[in-house]
Amino acid sequence: MESVCESKTICALALKYCPRCIARLLRFERPILLKNELEIVTLLEEKFDVQLAEPVSKNGNGQTETNEKQCNGQVTNDTGCHACLGILRSSFVTQCADLVLKKVEKSSYQFDCYQLLYFLPIQLIAFTKQSIEEFKNIASGEKDIYEVKELFKVLLEPLVTDRLKCKRVHEATMEISLYVKHEQSELNLLPEIRKKIPKQKDSRRNRRNFYAKQPKTEEQPVTIAQLNSALSNMSNDEINVLCENYKTPCTLDQIGLFHTPVFVAGRYNKYSRTLPQTPWILDGKRKLESSVQELISGLVEIKFGADRSNFSSSGREDVDVRMLGRGRPFILELINPRISTCSTDEMKDLQTKINSSTDLVRVRDLQIVEKSDCKTLKQGEEEKTKSYSALCCFLDTPSQETIEKLELLRQKNGVIVHQNTPIRVLHRRPLASRPRCIHTMVADKLTDGEPRLFKLRLCTQAGTYVKEFVHGDFGRTSPSLRDLVGAEVDILCLDVDSVDVKWPPVVPE
């Protein structure tokens, strides 16, 4: 008698659920769940001694085919399922793999391994809970039920690997994202779920956060925690009512392709006194025509097919300061590149192309580096020393005593100066007093007959404001060069001679 009841129950459930979900909710072993749907139907028929009406047919060639169609690039399946919403249907899985291949073929990405990321409808949680409840009287054993997402992965990934002819690797640099959507329940079920989400207590902290944030014009999506919280406060009957009458299957709404960033490092020289390091845009208006970043990044982005790039360097020089010597270390983070590798010769060609495109900047040691090297760049920014050459001028003809003090500067090693945030950068940096070390100072008189001019060569701690050290910034830097020589002095032009960081590795030219 019990067997007859089970058989009738299975026949009824087969009208709502796909064969794979029936086996899954009955807690069948994994090897069975991975069989094709006709084989699963056969096993169910043998186990429960029933004839199941599986919606499959034979085509003119005698091959099995399912009711399936494709609309506007979206995978649809006429035979849905009340538990997986059609996601575990063989037709859906196969068409997902086919569409991934088409998407990749139309793109220009080059990769030899990939990883798949899955974004399934959050409302599957509600359908799963309702389905487990419906199967509880005939399911055997206490094993955990395989989740829809887990089984979808196992079914899909071999097909994608076979079509792409490359390996699936965890944390691969190429990410293929599948966004599956179930529009019917998204429009009808989620709003009802939202009504059941418990209200948060209006704590003092919540009120403070509420007023601190700007009002949101769009309704925020339901989170997994909120959905589970809402379902826990509902009876099985309420969940059943909410989950009834959803017969349409899911669609593969979107396939996202994204390559993790590639990092290109090098050193740059800047020979212009009217070129900022990064785009100089103030109040939405560009102040200068170009920048070091743009002159370098444009050609690198084209070479690697990147969407855009982020520029980082070991410190920065002012717009009117030249960067000489071997240059300043920098890193370009290339976002979503289509190409991730370049040979040594290709990198040299790219370097040559950049250098021949402008006489304002020059790059050297161009190479692909690891993400971890970004930390090396920032550590160097804090720990390095920098060497400068400054053309300085006494405001009045210096006395003999002043000239003698100027010549004695070479003996003053390790001078600690305290610098308040300079007036010229106070609008964008917090007011603070920063101790900085001037390691060495050497002043050389010029031989052009102008006694007021001299060249000052400095080696300083990173972060020293050299211009302010020379003229004192109205007493905000102490001691300043003005204090050390006892005379009014100003700076006419400044060059960075070296940034003393042993990175990136030298690339022979």
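The values are calculated or read from the model by the stated rules, or taken from the named source; none is laboratory data. What you see is a predicted model, and the numbers here were worked out from it, not measured in a lab. When we count neighbours, we look across all protein chains shown, and the Cβ atoms used for this are built from the backbone with ideal geometry, even at glycine. Side chains are part of the model used for accessible areas, which takes the heavy atoms of the whole protein and leaves out ligands, DNA and RNA. Shrake-Rupley method; radii C 1.70, N 1.55, O 1.52, S 1.80 Å.
Points to keep in mind about this one:
- Criterion violated by residue 285 - all others in (1) in contact with a helix residue (DSSP H, G or I) (Cβ under 9 Å, 6 or more places away or on another chain); (2) open to solvent by 60 Å² or more (accessible area, probe 1.4 Å); (3) among the charged types (D, E, K, R) satisfied: (1)
- Taken over the range 405-422, the criterion of being in a helix (DSSP H, G or I), in contact with a helix residue (DSSP H, G or I) (Cβ under 9 Å, 6 or more places away or on another chain) and of a type outside the set (A, V, I, L, M) is satisfied by 405 alone.
- Within the range 452-509, the set of residues being without any contact (Cβ under 8 Å) to a residue 40 or more places away in the chain, surrounded by 19 or more Cβ atoms within 10 Å (Cβ to Cβ) and closer than 30 Å to residue 353 by Cα is empty.
- Matching entry among 88, 33 (being on the phi < 0 side of the Ramachandran plot and at pLDDT 90 or above): 88
- Qualifying residue in the range 251-268 (condition: out of contact with any Phe, Trp or Tyr (no Cβ under 8 Å at 6 or more places or on another chain) and of a type in the set (Val, Ile, Thr)): yes
- Among the residues of the range 270-314, the ones that are closer than 26 Å to residue 372 by Cβ and among the polar types (S, T, N, Q) come to 9 in all.
- The single residue among 173, 128, 161 that is farther than 30 Å from residue 192 by Cβ and touching a residue at least 40 places away in the same chain (Cβ under 8 Å) turns out to be 173.
- Complete set of residues in the range 86-117 that are of a type outside the set (A, V, I, L, M) and surrounded by fewer than 16 Cβ atoms within 10 Å (Cβ to Cβ): 98, 102, 105, 106, 107, 108, 110, 112, 113
- Of all the criteria given as (1) in a strand (DSSP E or B); (2) surrounded by fewer than 17 Cβ atoms within 10 Å (Cβ to Cβ); (3) not aliphatic (A, V, I, L, M), the one not satisfied by residue 378 is (1).
- Pick from the range 383-415, criterion in contact with a Gly (Cβ under 8 Å, 6 or more places away or on another chain) and not basic (Lys, Arg), ranking: modelled with the highest pLDDT: 387
- The range 17-38 residues that are closer than 18 Å to residue 128 by Cβ, paired with ones that are of a type in the set (Lys, Arg) (beta carbon under 8 Å, 6 or more apart): 18/89; 20/89; 27/143; 33/20; 33/24
- Criterion applied to 158, 121, 198 was being open to solvent by 30 Å² or more (accessible area, probe 1.4 Å) and either closer than 24 Å to residue 227 by Cβ or in a strand (DSSP E or B) (or both), and the one residue passing it is 198.
- In the range 234-248, the residue that is farthest from residue 85 (Cα to Cα) out of those that are in a loop (DSSP other than H, G, I, E, B) and touching a helix residue (DSSP H, G or I) at 6+ places or on another chain (Cβ under 7 Å) is 234.
- Where residue 237 falls short, out of the listed (1) in contact with a Leu (Cβ under 9 Å, 6 or more places away or on another chain); (2) within 30 Å of residue 89 (Cβ to Cβ); (3) not small (Gly, Ala, Ser): (1)
- Number of the exception - residue 397 against (1) closer than 21 Å to residue 506 by Cα; (2) part of a loop (DSSP other than H, G, I, E, B); (3) among the hydroxyl-bearing types (Ser, Thr, Tyr): (1)
- Failed item, numbered, when residue 337 is tested on (1) part of a loop (DSSP other than H, G, I, E, B); (2) surrounded by fewer than 13 Cβ atoms within 10 Å (Cβ to Cβ): (2)
- Filtered residues of the range 131-155 (kept if in a helix (DSSP H, G or I) and touching a residue at least 60 places away in the same chain (Cβ under 8 Å)): 131, 132, 133, 134, 135, 148, 151, 152, 154, 155
- Residue count for the range 416-451 satisfying the condition of being among the hydroxyl-bearing types (Ser, Thr, Tyr), surrounded by 13 or more Cβ atoms within 10 Å (Cβ to Cβ) and at pLDDT below 90: 1.
- Lone unmet requirement of (1) within 29 Å of residue 466 (Cα to Cα); (2) in contact with a Leu (Cβ under 6 Å, 6 or more places away or on another chain); (3) not in a strand (DSSP E or B) for residue 331: (3)
- Consider the range 297-322 and keep the residues that are within 26 Å of residue 390 (Cβ to Cβ) and outside any loop (DSSP other than H, G, I, E, B). The one that is most open to solvent (accessible area, probe 1.4 Å) is 322.
- Per-region count, the range 141-186, residues of a type in the set (S, T, N, Q) and in contact with a Lys or Arg (Cβ under 6 Å, 6 or more places away or on another chain): 1
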